[in-house]
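Here is the structure we will look at.
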Amino acid sequence: MPVAAAALRDIGAAPTSTTLDPHHSVGTATTRLAILGDILPVPWLNVVISVGDIVLMSGIALLVAALMHRAIPDHPQLTAAERDGLCNRNAAVRCVRR
């Protein structure tokens, strides 16, 4: 994957082939689709990331948020009125209605 030389300089790394692992190379003027490579410097982490990394991290964050959303199950010991009362009192809880 190509890494932007300017982004490497922004994080304080020298844009040489010895600063990169075997899966990355310094992008040049002839690199095709360089915009998909690592072009965004993150100085406080001392890394360079790509747009795809941001999309991936956003998707994981949305998945975790969706999995954390709590639902009140349809318990047989709760009457319909009790279950509706729980749903109406706590707007943050998603109620399962059948």
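For the residues LEU62, LEU20, LEU67, LEU56, the requirement of being touching a helix residue (DSSP H, G or I) at 6+ places or on another chain (Cβ under 9 Å) and either surrounded by 10 or more Cβ atoms within 10 Å (Cβ to Cβ) or modelled with pLDDT of 80 or more (or both) singles out LEU20. Considering region 23-53, the residues that are of a type in the set (Gly, Ala, Ser) and touching a residue at least 24 places away in the same chain (Cβ under 8 Å) include one that is surrounded by the most Cβ atoms within 10 Å (Cβ to Cβ), namely GLY27.
The values are calculated or read from the model by the stated rules, or taken from the named source; none is laboratory data. If you're wondering where the values come from, they're calculated on a predicted model, not measured in any experiment. We place every Cβ from the backbone using ideal geometry, glycine too, and count neighbours over all the protein chains shown.
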